[in-house]
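Below: the structure, in structure tokens.
The values are calculated or read from the model by the stated rules, or taken from the named source; none is laboratory data. In this text, all values refer to a predicted model and were calculated from it rather than measured experimentally. We place every Cβ from the backbone using ideal geometry, glycine too, and count neighbours over all the protein chains shown. We work out accessible area using only protein heavy atoms, side chains counted, and drop any ligands, DNA or RNA first. Shrake-Rupley method; radii C 1.70, N 1.55, O 1.52, S 1.80 Å.
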Amino acid sequence: MYDYLIIGSGIFGSVFAHEALRKGKSVLVLDKRPHIGGNCYTEKREGIDVHVYGPHIFHTSDEKIWKFVNQFATFNNYVNRPKVNYKGRIFSFPINLMTLHQLWGVTSPEEAQRKLDEVRVPCENPRNLEEWILSQVGQEVYETFIHGYTTKQWMREPKDLPSSIIKRLPIRLNFDDNYFNDRYQGIPVGGYTEIFNGLLQGCDVALGEDFFANREKWEKMAKRIVFTGKIDEYFGYEHGELDYRTLRFEHNTQDGDFQGNAVVNYTDAVVPYTRITEHKYFQPQDLDKTSRTIWTKEFPAEWSKDSVPYYPIGDEKNNEIYRKYRSLADNESNVLFGGRLSEYKYYDMHQVIGSALQKSRRELV
């Protein structure tokens, strides 16, 4: 019998498995997919590390977490500088002084501030995403960069979404177009799968195995369970289904280059996809090593419980359902719940690692 059965080989499950093994525990990691790494999985094609489930850029200001991940991979110097295509016009993004110059012709922080003060839609107590962003940047910036993209991405109107989603987006009055403000940033050389290979070294791993297809069998194989899947599925949807955002990808291969940048967002609502990723631009150190390119269109898709979950939708309705499941989870004495799906939180990668390290320290005393 194993000490721990870990359901899911994504970030939380793999970090916990590594820490448990380091403490002398026996571990079995189970994943229903044919590969490790969850949605962070990368695959080598044409000499290019393809982000199969959409782009992942590692970033953190936490030195301990940065040192932790650097045990398993060398990170390159990639900096996330996406562009926006709106009705055929290309803009710098996230919103910065260059963006506002391209839109309005302003050339200084002072000019930009005056223009923003002029166009803002005052709102003393913004109740949703739309009200908050209008109160910051006004109608034209909202229509050009936010409304269509957000409506496509979440498959609901911005006025029906919490403002916390958009507050992650930087708005700067200088020419800094780095999407993130963190001290450390990059992509692992060789792709993210290298990190998961390192984390799971020495663990027993069973791929292509669905915990729920033979739950009784798997539960008997370990003293404790670490569950990183959908918390509503674990409890048989007893309180109803939680909503997640899901995606569909179209991968394309061709000679030469496609768009000249890793990520271009398409913010016009009439364009059916939200962004195009050109994967070789995540590898600035290898750009001269391939004459081929792989690019991926990312489409929002209608959610069903059989879809791949990517992002929890933390609106009032879903948070109320989650609280009921959280109450059930608190009474599960033999199961530890962790990760984006089990905690129903819009975690970034470094936040999942931090949560896994914290919970493993408490658990593995």
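Using the Cα atoms of the stretch 1-98 to build a convex hull, what is its mean projected area in square nanometres?
Details: hull surface 40.1 nm².
Computed as one quarter of the Cα hull surface, the answer is 10.0 nm².
As an exercise, identify the GluC sites (Glu not before Pro) in the stretch 17-66 lying in DSSP coil whose Cβ has no more than 16 other Cβ atoms within 10 Å.
Numbers: sites: E19, E43, E46, E63; in loops: E46.
Answer in residue order: E46.
Any number yet on Rg/Rh for the stretch 72-217, C-alpha, Kirkwood? Numbers along the way, then the final one.
Values: Rg = 20.9 Å, Rh = 18.5 Å.
Here Rg/Rh amounts to 1.13.
In the stretch 91-152, which trypsin sites (Lys or Arg not before Pro) fall in coil by DSSP and have 11 or fewer other Cβ atoms within 10 Å? Intermediate results must be reported in sequence, preceding the final value.
Values: sites: R114, K115, R120, R127, K152; in loops: R120, R127.
Taking the stretch 91-152 and a limit of 11 other Cβ atoms within 10 Å, the loop trypsin sites (Lys or Arg not before Pro) found are R127.
Principal axes first, then extents: for the Cα atoms of the chain, list largest minus smallest coordinate on each axis, whole Å, largest first.
Principal-axis extents of the Cα atoms in the chain, largest first: 67, 50, 36 Å.
At 0.36 nm per residue, minus the direct Cα-Cα distance, what do S26 and D117 gain on full extension? Give it in nm, one decimal, please. Walk me through the numbers on the way to the answer.
Working: separation 91, 0.36 × 91 = 32.76 nm, distance 5.96 nm.
Once the chain is fully extended between S26 and D117, it gains 26.8 nm.
Taking only Cα atoms of the stretch 58-119, what ratio of Rg to Rh do you get with Rh as the Kirkwood inverse-distance radius? Provide the component values of the computation, followed by the final result.
Values: Rg = 17.6 Å, Rh = 14.6 Å.
When Rh is taken as the Kirkwood radius, the ratio is 1.20.
If you count the DSSP beta bridges with both ends in the chain, what percent of them are antiparallel, to the nearest 5?
Working: 31 of 51 bridges.
So the antiparallel bridges amount to about 60 percent of the total.
Could you tell me what percent of the DSSP beta bridges with both partners in the stretch 1-136 are antiparallel, to the nearest 5?
Numbers: 8 of 12 bridges.
Expressed as a percentage, antiparallel bridges in the stretch 1-136 total about 65.
So what does V308 come to for accessible area, using a 1.4 Å probe and Å² rounded to 10?
50
Per residue, how large is the accessible surface of the chain? Use a 1.4 angstrom probe and give square angstrom.
Numbers: 16570 Å² over 365 residues.
Value returned for the chain: 45 Å² of accessible area per residue.
Check the straight Cα-Cα distances from K64 and name the lysines below 24 Å, setting aside those fewer than 8 residues away within the same chain.
K23, K25, K345, K359
What percentage of the solvent-accessible surface of the chain, computed with a 1.4 Å probe over protein heavy atoms, is contributed by carbon and sulfur atoms?
Result for the chain: 46 percent of the exposed heavy-atom area is carbon or sulfur.
Obtain the nm distance between the two label points defined at S61 and D176 by a simple spin-label model: each point lies 7 Å from its Cα along the Cα-to-C-beta direction.
Placing both labels 7 Å beyond Cα along the Cβ direction yields 1.0 nm.
Computed over the Cα atoms of the stretch 210-350, what is the convex hull's projected area averaged over all directions, in nm²?
Details: hull surface 48.0 nm².
In nm², the orientation-averaged hull projection of the stretch 210-350 is 12.0.
7 Å from Cα along Cα→Cβ at both F212 and R326: what's the point-to-point distance in nm?
Roughly 2.2 nm, to one decimal.
Semi-axes of the equivalent ellipsoid for the stretch 124-280, please: Cα gyration tensor eigenvalues, times 5, square-rooted, ordered largest first, whole Å. Present the calculation step by step, with values, prior to reporting the outcome.
On the way: eigenvalues 260, 125, 59 Å².
That gives 36, 25, 17 Å for the three semi-axes.
With only alpha-carbon atoms counted, please give the Rg and Dmax of the stretch 236-313, in Å.
For the stretch 236-313, the Cα-based Rg and Dmax read 16.3, 54 Å.
When the chain is modelled as a GNM with alpha-carbon springs shorter than 10 Å, which of Q139, Q71, Q283 fluctuates the most?
With Cα springs under 10 Å in the chain, the top fluctuation among Q139, Q71, Q283 is at Q71.
What's the FRET efficiency of E110 with N334 using the Cβ-Cβ distance as r and R₀ = 56 Å, to the nearest 0.05? Don't jump to the answer; show the numbers that get you there.
Details: r = 61 Å, r/R0 = 1.09.
Between E110 and N334 the formula returns 0.40.
Please state the Cα pair-distance histogram of the stretch 231-281 with 5 angstrom bins from zero: what percent is in each bin?
Reading the bins upward from 0: 4, 15, 16, 17, 11, 8, 11, 9, 6, 2, 0.
Excluding A262 itself, calculate the net charge of residues whose Cβ lies under 12 Å from the Cβ of A262, where each Lys or Arg counts +1 and each Asp or Glu counts -1.
On the way: positive: R81, K83, R275, K280; negative: D49, D257, E278.
Result for the local shell: +1.
Give, as a single signed number, the net charge of other residues whose beta carbon lies under 15 Å from the beta carbon of K23, with Lys and Arg counted +1 and Asp and Glu -1. Spell out each step's value before the answer.
On the way: positive: R22, K25, K223, R224, K359, R361, R362; negative: D3, E19, E363.
Combined, the nearby Lys, Arg, Asp and Glu give +4.
Over the Cα atoms of the stretch 309-365, how large are the radius of gyration and the largest Cα-Cα distance (Dmax), in Å?
Answer for the stretch 309-365, Rg first and Dmax second: 12.3, 37 Å.
Does the stretch 145-209 classify as rounded, prolate or oblate by the C-alpha gyration tensor (a ≥ b ≥ c root eigenvalues; a/c under 1.5 gives rounded; else a/b over b/c gives prolate, otherwise oblate)? Before the final figure, lay out the partial values.
Values: a/c = 3.50, a/b = 1.62, b/c = 2.16.
Oblate.
What net charge is computed for the residues neighbouring I133, neighbours being all others with C-beta under 13 Å from the C-beta of I133, Lys and Arg scored +1, Asp and Glu -1?
On the way: positive: R120, R127, K159, K167, R168; negative: E130, E131, E140, E143, E157.
For residues surrounding I133, the net value is 0.
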